[in-house]
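Below: one structure, written as structure tokens.
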Amino acid sequence: MSAVVKTVNLVKIYQDGALPVPAVRGVDLQVEPGEFVAVMGPSGSGKSTLIHMLGGLDARTSGEIWLDGQRVDTLSESAWALLRRKKIGFVFQFFNLVANMTVGDNVELPALLAGASPKVARERRESLLAALNLTDRAGAAPAQLSGGEQQRVALARALANEPSLLLADEPTGNLDSRNTRDVLRLLSDVHKQGQTIVMVTHDARVASLADRLVSLFDGEIVDDGRIARRRTRTAGEVIDLR
Amino acid sequence: MVRLHLLALLAKEPAHGYELKQALEQTFGSAYPSPNIGQIYVTLGRLEKDGLVRAVDVEQSNRPNKKVYYLTAKGRDVLMTWVDEPTEGPRVRDEFFMKLVLAPLTGIADRMALITRQRRHYLSLMSDLNDLLARTPPADRVAMLLIEGAMLHLQADLDWLERCQEDLA
Ligand SMILES: Nc1ncnc2c1ncn2[C@@H]1O[C@H](COP(=O)(O)OP(=O)(O)OP(=O)(O)O)[C@@H](O)[C@H]1O
Ligand SMILES: [Mg+2]
């Protein structure tokens, strides 16, 4: 089976200001089917830039991007849009919900666009809203929601088309612990179903669900390795509060 | 610290060693490293020597006598002092931080490598805590809060690690 995501010497230099900003500097990343990869690193280290490029939302400066064995960095915008509809879910750091649609329709639309029947799309919408404790808010406009609620709607929307690849940028940035718990449960279900996840996060609980951690620093990968599991440990060894 | 925990339990009612162990387990649930019975008896012996508790022998019909401990006035004073004084905050001198500062000076380690390895270690501890939380019945409020506390500490350690990376690496 080929890698779900593969980048070769991927580079992004922003040129819109007076000085060019090298945001991603030669990233080689390979993600296997079903893997859950967390991406961490300081602010400005290039996390959003990297994940946007993987979703075709930002053009690369040089290097290659492959998804499911297909070269995609050369695709047109419309070809990218099609690809995203079919197999990618994207959660933006700053939500990007459609302002003039209800919460429910924001979640239902991607399922319809991906070709689900109206009945199936409605079922997806209802189960996702329920899983994230948002059923009551289905009729509201995004602007009427709190930051944490919008964040969860963005996640529900990204999962509506049952994407084989979920790309998420800080999906728990605005959540309290109760809501983080709902998101954690949903993410681990998604992971168990075999969907591939690449997720930028500062949240240690979310990151600890991942199989693997990639650390970015100054636009480069400085560490890439598995997160060890030691399920045999007993409680007393885990907790040692002073 | 176990000394003071035992004094607190004895302030409620006199008890023998095994009852104290059970009371600790019942209160803190699965989330707390419960001391073994030997450790409890050793601690009770020291408390008795210091005059903070006293023991009476209680006869049992077909078993050896057991010792029931109760709190003395002096023990109560020590307990009250403990309760009344402000509690030390979390450590500020961190073992990892000492390594991070000192090891590279000698050329035996690279800061970036130390930081990234430590980050993965914290995440694997966090993953243990996630499992522990999932196994803890929600009704066990004390255990839940203890685990959540450990998680928040770990998050702070991780955030600090990132600050160290920005400034030192
Ligand atoms: N549109 C843009 N134009 C110019 N520079 C940009 C643009 N977007 C990002 N940058 C710069 O690229 C670098 C990487 O930014 P990026 O948003 O990828 O960081 P990040 O790791 O996601 O940070 P954060 O944790 O704060 O979200 C930063 O120096 C940022 O200022
Ligand atoms: Mg970002």
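With charges only on Cβ, +1 for K and R and -1 for D and E, what is the dipole size of the protein assembly as shown about its Cα centre, in debye, rounded to 20?
Charge dipole, the protein assembly as shown, about its Cα centre: 900 debye, nearest 20.
Any of A:LYS47/A:LYS86; A:LYS47/A:LYS192; A:LYS6/B:LYS99; A:LYS87/A:LYS119; A:LYS6/A:LYS87 with alpha carbons more than 27 Å apart? Name them for me. Don't skip to the answer; put the middle values down first.
Details: A:LYS47/A:LYS86 24 Å; A:LYS47/A:LYS192 25 Å; A:LYS6/B:LYS99 36 Å; A:LYS87/A:LYS119 20 Å; A:LYS6/A:LYS87 16 Å.
A:LYS6/B:LYS99, as the Cα separations exceed 27 Å there.
Please give the Cα centre distance for segment A:48-81 versus segment A:124-198, rounded to the nearest Å.
If you average the Cα positions of each part, the centres end up 24 Å apart.
Pull up the cross-link candidates among the aspartates and glutamates for B:LYS12, meaning alpha carbon to alpha carbon under 17 Å and not fewer than 8 places away within one chain.
Leaving aside aspartates and glutamates fewer than 8 places away in the same chain, those within reach of B:LYS12 are B:GLU25, B:ASP77.
How large are Rg and Dmax for the protein assembly as shown when only the alpha carbon atoms are used, in Å?
Just the Cα atoms of the protein assembly as shown yield Rg and Dmax of 27.0, 92 Å.
Given a cut-off of under 8 Å on Cα pairs at least six residues apart, what relative contact order in percent is computed for segment B:95-168?
Once normalised by length, the contact order is 31 percent.
Quick one: grab the alpha carbon gyration tensor of segment B:2-84, order the square roots of its eigenvalues as a ≥ b ≥ c, and give me rounded if a/c is under 1.5, else prolate or oblate depending on whether a/b is larger than b/c. All intermediate terms of the calculation are to be shown ahead of the outcome.
Details: a/c = 1.89, a/b = 1.13, b/c = 1.68.
Note, shape of segment B:2-84 comes out oblate.
A:SER43 label point, 7 Å along Cα→Cβ, cut-off 18 Å on backbone N: hits in segment B:124-161?
The answer is B:156-161, whose backbone nitrogens lie closer than 18 Å to the label point.
As a test of reading the structure, rank A:GLU108, B:GLU59, A:GLU64 by solvent-accessible area (1.4 Å probe, protein chains only), most first.
Putting A:GLU108, B:GLU59, A:GLU64 in descending order of accessible area: B:GLU59, A:GLU64, A:GLU108.
With all protein chains present and a 1.4 Å probe, how do A:LYS6, A:LYS47 order by accessible area, largest first?
Details: A:LYS6 80, A:LYS47 20 Å².
Correct descending sequence by accessible area is A:LYS6, A:LYS47.
For B:TYR32, B:TYR69, give the ranking by accessible area with the largest first, probe 1.4 Å. Could the numbers behind the result be given before it?
Working: B:TYR32 70, B:TYR69 10 Å².
Most to least solvent-accessible, the answer reads B:TYR32, B:TYR69.
The values are calculated or read from the model by the stated rules, or taken from the named source; none is laboratory data. The model shown is predicted, which means the values in this text are computed figures rather than measured ones. For neighbour counting, all protein chains shown are included, and Cβ atoms are generated from backbone atoms with ideal geometry for every residue, glycine included. Heads up: the accessible areas ignore ligands, DNA and RNA and are worked out on the full protein's heavy atoms, side chains in. Shrake-Rupley method; radii C 1.70, N 1.55, O 1.52, S 1.80 Å.
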